[in-house]
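Below you'll find the structure, written out as structure tokens, and then a few comments.
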Amino acid sequence: MTARELVLNFVNQYNKPFDAELIANMTGLEIEEIEPIITELLKDKSIKLASNREPIYARSNRFSTNVDKQIRPNWHFDPKAALALLNLIEKRSFTSIRSIAEAFGRSRQWVFVYLEALASAGVIGVNQYGYCVLTKKDVGNIGIKIKRGILKELIAHCAELREQQRLQDKVDAWHLKVVGPEPLEKEMEAFEV
């Protein structure tokens, strides 16, 4: 690698302000070799002077100012992969992203992003047994609109429903203790006639 390539590599990876001495320490080059390269980089505006009092520099455009409306702009969702994921979820009961990732052979991040996109499209949901497939017809809409945190909301809603069901079961058990099973048996006999 040439001295210029070493300095450029350092500048492109280092997001904090730096000086010639830091570049020399990090690259192993002499300060005399680095100073002409810094002058060139200042002229072509790859770096800029960060301080007027000292020779401290910073990479130009080191912070990305582009904001995209899409949450996952670098993800390209494959409907075939999404359909394969849905088929796997339909066959088994999964309660965690980790278990889906292990069974599907993909990373947890990949599974999370696809589940979030599928949930945003209304294709999957969560019930008391875990993730469930609601419909397969809207798989083509995956990734058009992604709602951040939808999986957390679905899981929280399911937990709330489970708690309500548990409380209702408690009330029903208490009601049976107070009333007794006899009226229920009489109602069943009347229904059979």
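Annotations
- Test item: Cα-centred dipole of the chain, Lys/Arg +1 and Asp/Glu -1 on Cβ, debye: 420
- Remark on Asn127: its backbone amide H falls under 5 Å from those of Cys132, a criterion applied only to residues 5 or more positions apart or on other chains, H modelled at 1.01 Å from N.
- Cα gyration tensor, the stretch 3-59 - rounded (a/c under 1.5), prolate or oblate: rounded
- Cα gyration tensor category, rounded, prolate or oblate, for the stretch 79-168 with a/c compared to 1.5: prolate
- Applying 1/(1 + (r/R0)^6) with r as the Cβ-Cβ distance of Glu33 and His76 and R0 = 30 angstrom yields a FRET efficiency of 0.10.
- Applying 0.36 nm per residue to the separation of Gln164 and Arg106 and subtracting their alpha-carbon distance, the gain on full extension is 17.4 nm.
- Sites Ser51 and Arg148 - FRET efficiency at Förster radius 41 Å, r taken between beta-carbons, to 0.05: 0.60
- Calculated Cα Rg over 2.2 N^0.38 Å (choose from (1) 1.01; (2) 1.87; (3) 1.43), label: (2)
- Approximating the spin labels as points 7 Å out from Cα along Cα→Cβ, the His175-to-Tyr129 distance works out to 2.7 nm.
- Under Karplus coefficients 6.51, -1.76 and 1.60, residue-wise ³J(HN,Hα) of the stretch 163-169 in Hz, glycine/proline x: 5, 5, 5, 5, 5, 5, 4
- On Cα atoms only, tilt of 3-13 relative to the major axis of the chain in degrees: 30
- Helix-only arithmetic for the chain: the sum of -39500 (n - 2.57) across DSSP H runs with n ≥ 4, divided by the residue total, places the mean residue ellipticity at 222 nm at -17500 deg cm²/dmol.
- With 0.36 nm allotted per residue and the present C-alpha distance subtracted, the Asp44-Ser60 stretch has 4.7 nm of extension available.
- Reachable lysines, given that their alpha-carbon falls under 24 Å from the alpha-carbon of Lys170 and they are not under 8 places away in the same chain: Lys186
- The stretch 127-165: trypsin sites (Lys or Arg not before Pro) falling in loop per DSSP and having at most 16 other Cβ within 10 Å: Lys136, Lys137, Lys145, Lys147, Arg148
Each value in this text was obtained by applying a stated rule to the coordinates, not by laboratory testing. It should be emphasised that the depicted structure is a prediction, and the values quoted were computed from it without experimental measurement. Cβ coordinates were reconstructed from backbone atoms using ideal geometry, including for glycine residues, and neighbour counts include every protein chain displayed.
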